[in-house]
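Q: The structure's right below; bear with me while I get my questions together.
Read-outs: derived from the displayed coordinates by stated rules, not from any lab. None of these values were measured; they are calculated from a predicted model. Cβ sites come from the backbone with ideal geometry, for glycine too, and all protein chains shown count toward neighbours.
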Amino acid sequence: MVETIQWTDSGVVMIDQTRLPREQQFVTCRTYLEVADAIKTMVIRGAPAIGVAAAMGVALGVQEGADFDTVCKTLAATRPTAVNLFWAIKRMRDLWFSLQGAAREEIVQSMISEAQKIRIEDIAICQAIGRNGEPLVPDGKTVLTHCNAGALATAGYGTALGVIRAAVSAGKKIDVFADETRPFLQGARLTAWELQQDGIATTVITDNMAGHFLHSGRIGCVVVGADRIAANGDVANKIGTYSVAVLAKENGIPFYVAAPVSTFDLTLASGDSIPIEERSPDEVTHVFGVPVAPEAIAAANPAFDVTPARYVTAIICERGVARPPYEESLRKLAQAC
Ligand code: MRU
């Protein structure tokens, strides 16, 4: 399986997700500013992967001897929606404060070790999500997914794709429909690529085909990832997720969200207060630099939407499966250790 991100002696090495699937190139970030840029430009993307990158960015900043507050603020300003970014920075920040008074070399080594630990933990968390979610996947059917919630969006294995991988490993005869996920095409470029590498039968569909197939009787369940989950179970995920959830409910198909506890934001009562990133209109009006709309036309580009909890059949995390009422079930899982 692909190595999404790694700490090496020469810096933080990431596979460049803007070039996939045409080219497999790796980028080495040697400074925290380069990590911030990689997150902003989506060289690395996906909530848990962004968290790991931010933790490694903080460690690089400490190694460089940069001002700690500036490092944390710069990394926190890269993307607003995925809460894993802020979770990881807070974890690194708490450690840094606890180390004050120690020798500089000890502080640097401890910060690097913590960032590496977050990466290793994330892989184990995804595997646990896979184990918890696998029993929910019906045998002999197609699983529909949106965006990329796979190995590329995490430190490895994936959340939604972790559930699919676990179902395949358990011997279930399933295949996958991957929404292409306009405008950034994470489904067509990334999900299709990594499932093909694993030999899991995958069909790419354009986003507007989802309703047709959800009505066809072929889809057994929908599994997606998440960028932030509010206390009431509202889920922010890639733009287009909400439409898929409504169509799934209309057709009586279970809609599952797979995400680590670090994606829960129980400080927010509902999804209404989740900040939604607005990206450049060029991503909508252009495809790989080629204009597909009239010059100077206005375009909107919210990168995420919020699926109301009433459309979410269950939320699968590393500690178990939460079902409605989510206020209670998410709190219990967040507190469980
Ligand atoms: O803009 P992106 O590509 O970072 O958005 C990613 C998603 O919305 C994923 O579905 C989500 O982060 C879950 S990743 C395990």
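Q: Based on alpha-carbon centroids, what's the gap between segment 242-317 and segment 1-28 in Å, whole number please?
A: 26 Å
Q: Something else now. Tell me the angle of helix 104-133 to the major Cα principal axis of the chain, expressed in degrees between 0 and 90 and rounded to the nearest ten.
A: The helix 104-133 is inclined about 10 degrees to the chain.
Q: Using alpha carbons only, how many degrees (0 to 90, rounded to 10) separate the axis of helix 160-169 from the longest principal axis of the chain?
A: On a 0 to 90 degree scale, this one is about 70.
Q: Could you work out the helix-only [θ] at 222 nm for the chain, with each DSSP H run of four or more residues adding -39,500 (n - 2.57) and the total divided by the number of residues, to the nearest 500 deg cm²/dmol?
A: Working: 11 runs with 127 residues, N = 337.
Counting only the DSSP helices, I get -11500 deg cm²/dmol.
Q: Mind sorting W87, W7 by how few other Cβ atoms lie within 10 Å of their own Cβ, fewest first? Show your work: numbers first, answer last.
A: On the way: W87 22, W7 18.
In increasing order of surrounding Cβ atoms, one gets W7, W87.
Q: Kirkwood Rh, the chain, all Cα pairs: how many Å?
A: For the chain, the Kirkwood estimate is 20.0 Å.
Q: Quick check for me: using +1 on Lys/Arg Cβ and -1 on Asp/Glu Cβ, what's the dipole size of segment 163-214 about its Cα centre, in debye to the nearest 20?
A: 140 debye
Q: Just want the ordering: H286, H212, H146, from fewest to most Cβ atoms lying within 10 Å of their own Cβ. Could you put the intermediate results ahead of the total?
A: Working: H286 15, H212 10, H146 29.
Ascending number of Cβ neighbours within 10 Å: H212, H286, H146.
Q: If you take every DSSP beta bridge fully contained in the chain, what fraction is antiparallel? Give it as a percent rounded to 5.
A: Antiparallel bridges make up about 50 percent of those DSSP assigns within the chain.
Q: What size of dipole, in debye to the nearest 20, comes out for segment 130-335 about its Cα centre when the only charges are +1 on Lys and Arg C-beta atoms and -1 on Asp and Glu C-beta atoms?
A: For segment 130-335, the charge dipole is close to 760 debye.
Q: Using the Cα centre as the reference, give the magnitude of the dipole from point charges on the C-beta atoms of segment 80-224 (Lys, Arg: +1; Asp, Glu: -1; all else neutral), rounded to the nearest 20 debye.
A: Dipole magnitude for segment 80-224 comes out near 140 debye.
Q: Looking at the chain as a GNM with Cα springs under 10 Å, which of T191, T285, T18 has the largest mean-square fluctuation?
A: T285
Q: Pairs on different chains or at least eight residues apart, Cα atoms closer than 29 Å: how many lysine pairs in the chain fit?
A: 23
Q: Starting from segment 1-91, pick out the trypsin sites (Lys or Arg not before Pro) whose DSSP state is loop and whose Cβ has at most 16 other Cβ atoms within 10 Å.
A: Here the trypsin sites (Lys or Arg not before Pro) that fit, given the DSSP loop and packing criteria, are R19, R22, R30.
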